[in-house]
1. For the chain, go through all pairs of different Cα atoms, get the mean of 1/r, take its inverse, and jot down that Kirkwood value in Å.
2. Determine, from the Cβ-Cβ distance of Val21 and Lys63 and an R0 of 25 Å, the FRET efficiency 1/(1 + (r/R0)^6), rounded to the nearest 0.05.
3. Within the chain, what's the longest run with no trypsin sites (Lys or Arg not before Pro) in a DSSP loop and at most 11 other beta-carbon atoms within 10 Å? Give the range, please.
4. Cα gyration tensor of region 81-180, axes a ≥ b ≥ c as square roots of the eigenvalues: rounded (a/c below 1.5), prolate (a/b > b/c) or oblate?
5. Working out 0.36 nm times the residue gap between Asp30 and Trp71, then minus their Cα-Cα distance, what length gain in nm do you get to one decimal?
6. What GluC sites (Glu not before Pro) in region 92-187 are in a loop by DSSP, with at most 15 other Cβ atoms within 10 Å of the Cβ?
7. What are the lysines whose alpha-carbon lies under 27 Å from the alpha-carbon of Lys24, with same-chain residues fewer than 8 places away excluded?
8. Name the residue from Leu64, Met2, Pro26 whose Cα lies farthest towards the positive end of the charge dipole of the chain, charges +1 on Cβ of Lys and Arg and -1 on Cβ of Asp and Glu.
Amino acid sequence: MMIHSDTHLLILNKPSGLLSVPAKPPGPQDCLEARAKASDPGALLVHRLDMDTSGIMVFARTKLAQRHLNWQFERRQVRKTYIARVAGVIEADEGRVELPLICDWPNRPLQMVCFERGRAALTDWRVLAREANATRVELRPRTGRSHQLRVHMKAIGHPILGDKFYAPPDVLAAAPRLQLHAQTLTFMHPDGGAWTTFEAAVPF
């Protein structure tokens with residue numbers, strides 16, 4: 001689970017099925033944040049991943065580092081790369097999805113495309129490999145909306161395999177877990193500002 005540790009950062013690899021933060025009581029309290037604090041009581045949350053998404057997360061070890069990282073996330077300076085397996089064969093080699101998103105309140109936590117009230121959301125994608133009935137893609141979100149990658153891939157006709165929220169039954173059943181993994185994070189290190197990239201190996 002541990003990828004990197006220094007005086008300013010903890011870089012962890014979150015497994016699929018584990019919450020990033022505790023659920024509201026009486027929900028599950030086991031989460032990556034609790035596990036990080038068990039090994040380092042001073043660990044400070046910076047960002048989150050969906051429970052079903054695996055991959056890289058950064059925690060700060062000082063308040064100054066947390067402020068520095070939060071500033072980068074808020075200004076979209078952090079570069080994120082995800083790997084996904086999606087339903088169907090995508091013919092184009094790369095593309096961009098620019099569809100505004102908003103919470104689907106009657107069905108929350110689901111999100112939906114809404115051109116009237118949605119917040120801007122942008123995802124770049126690139127095909128890595130084509131299978132008989134699926135495509136492995138690299139996803140680069142330029143914004144950080146809830147469920148952005150799931151909704152955007154569904155919107156272009158290629159829902160993510162194993163997605164319990166947005167995939168039809170056959171696509172849900174096509175994989176034992178959500179086929180979405182946060183592979184890399186690139187940001188300026190709080191100590192000195194050098195651009196730094198960390199990577200979590202793709203488990204599928």
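1. On the way: mean 1/r = 0.0566 Å⁻¹.
After inverting the pairwise mean of 1/r, the radius is 17.7 Å.
2. 0.85
3. Here the longest segment lacking exposed loop sites spans 1-74.
4. oblate
5. Details: separation 41, 0.36 × 41 = 14.76 nm, distance 2.75 nm.
Extra length available between Asp30 and Trp71 comes to 12.0 nm.
6. Taking region 92-187 and a limit of 15 other Cβ atoms within 10 Å, the loop GluC sites (Glu not before Pro) found are Glu116, Glu131.
7. List returned: Lys14, Lys37, Lys63, Lys164.
8. Leu64
FYI, it's all coordinate maths here, none of it is from the lab. Quick caveat: nothing in here was measured; it's all calculated off a predicted structure. Note that we place each Cβ from the backbone using ideal geometry, even for glycine, and neighbour counts take in every protein chain shown.
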